[in-house]
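**Q** Structure incoming, see below.
Since every read-out is calculated from the coordinates, none of them should be taken as a lab result. Model, not experiment: these values are computed from the prediction. Note: ideal-geometry Cβ built from the backbone for every residue, glycine included; neighbour counts use all protein chains shown.
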Ligand SMILES: [Zn+2]
């Protein structure tokens, strides 16, 4: 590849200390960054909060053996935006968690609800749709978007 200048980067010695203040991590050559992998992960989460939360949710569901057919598009529309999660996330002391409405079902479209988890760990349900019709409409709309985004079936694959 002509004109691809690597000389500047080649002068940097690897591994070197992470650029984040007080961080003891090491930046390695493969990271293409002056920060350690931990700090890069943290930075990515900050820049992509919805994706980070979606990945957490999916990983936890899979670890517990739950079905997970929520695509990122559905998650983003119904949970992240539809529930007000995006607005509350980080702005309130109460953290929000996504749970299943019917426990015997997995993380599938229509079976998710957002709850606040208060400091004494008492759970309180937060209805994020005023009525069933609103919820159904939101789900239909989300499913339409999922179909648009994934004409070949949708699902979790390629949820970026
Ligand atoms: Zn670091």
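**Q** If you take just the helices (runs of 4 or more DSSP H) that sit entirely in the stretch 13-89, which of them hold at least 1 residues that are touching a strand residue (DSSP E or B) at 6+ places or on another chain (Cβ under 6 Å)?
**A** Details: elements: 37-47, 49-63, 85-88.
So the answer is 49-63, 85-88.
**Q** Also, I was wondering about something else. Kindly indicate whether any position in the stretch 26-42 is more than 16 Å from the ligand (Cβ to nearest atom) and buried (at least 16 other Cβ atoms within 10 Å of the Cβ).
**A** In the first step, residues of the stretch 26-42 are kept if they are more than 16 Å from the ligand (Cβ to nearest atom); the result is none.
Within the stretch 26-42 (the criterion being more than 16 Å from the ligand (Cβ to nearest atom) and buried (at least 16 other Cβ atoms within 10 Å of the Cβ)), the answer is no, since none of the residues qualifies.
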